[in-house]
Amino acid sequence: MDASQKKGLLVGCGIPLAIPLGVMLVLAAPNIVAWLSPNPPRPEITYGEFPFRIEYEVYGELMVLEDVVICEFDGFRLSGPNRLRSWKKRLASGAEEAVLLVTNSGTLLYCNTKSAPYYMGEFNGNAGNTQLGAVIRSGSRDRAISNSELYDTYGIRLISWEFSPPIENSYR
């Protein structure tokens, strides 16, 4: 095989290999950039406890739900082309959610207790939505449920709710 045949063979084999490698490089580029980029600043305050209280009625019976949202800084994570602060959130009671009711069929009705980034000052103290939102979990699917559906279908009426405000945090 002479030199021109070898060159033709290399070019012929190289193009089919170069195209998938190029596509893979283009698809991986955002993750490579994120992996190589520095972490955002660390929070000054890395732990917080935020009590809340929810009053509601279930078919006319007054119920009170009190617990504490505990938030902790959990390092950094990759999200597409970005590095973000990561937070853990749990309830002091050990419950997964602020549960209002579990039906006989296993449907779970709970209140959204806001996110750890919200409480820990990621949003510059922005109070955000002050309305309480109920969520229904059926199987592995969650969806927001309106107050009218909550009452009409499950006999639950939200009366009042008090959530702790977010902290003012700084990042270094």
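The values are calculated or read from the model by the stated rules, or taken from the named source; none is laboratory data. Since the structure is predicted, the reported quantities are computational estimates derived from the model, not experimental observations. Methodologically, a virtual Cβ is constructed for each residue, glycine included, from the backbone with ideal geometry; neighbour enumeration extends over all protein chains shown.
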Query raised in the report: Quick one: how many residues across region 90-109 are at pLDDT 95 or above, of a type in the set (Ser, Thr, Tyr) and surrounded by 14 or more Cβ atoms within 10 Å (Cβ to Cβ)?
Result: 0
Report summary line: Taking region 77-89 and keeping only residues that are out of contact with any helix residue (DSSP H, G or I) (no Cβ under 8 Å at 6 or more places or on another chain) and surrounded by 15 or more Cβ atoms within 10 Å (Cβ to Cβ), one is left with LEU84, SER86
Report summary line: How many residues of region 135-166 are surrounded by 18 or more Cβ atoms within 10 Å (Cβ to Cβ) and more than 20 Å from LEU65 (Cβ to Cβ)? The answer is 1
Query raised in the report: Of the residues that make up region 114-127, is at least one surrounded by 13 or more Cβ atoms within 10 Å (Cβ to Cβ), of a type in the set (S, T, N, Q), modelled with pLDDT under 95 and over 22 Å from ILE167 (Cα atoms)?
Result: no
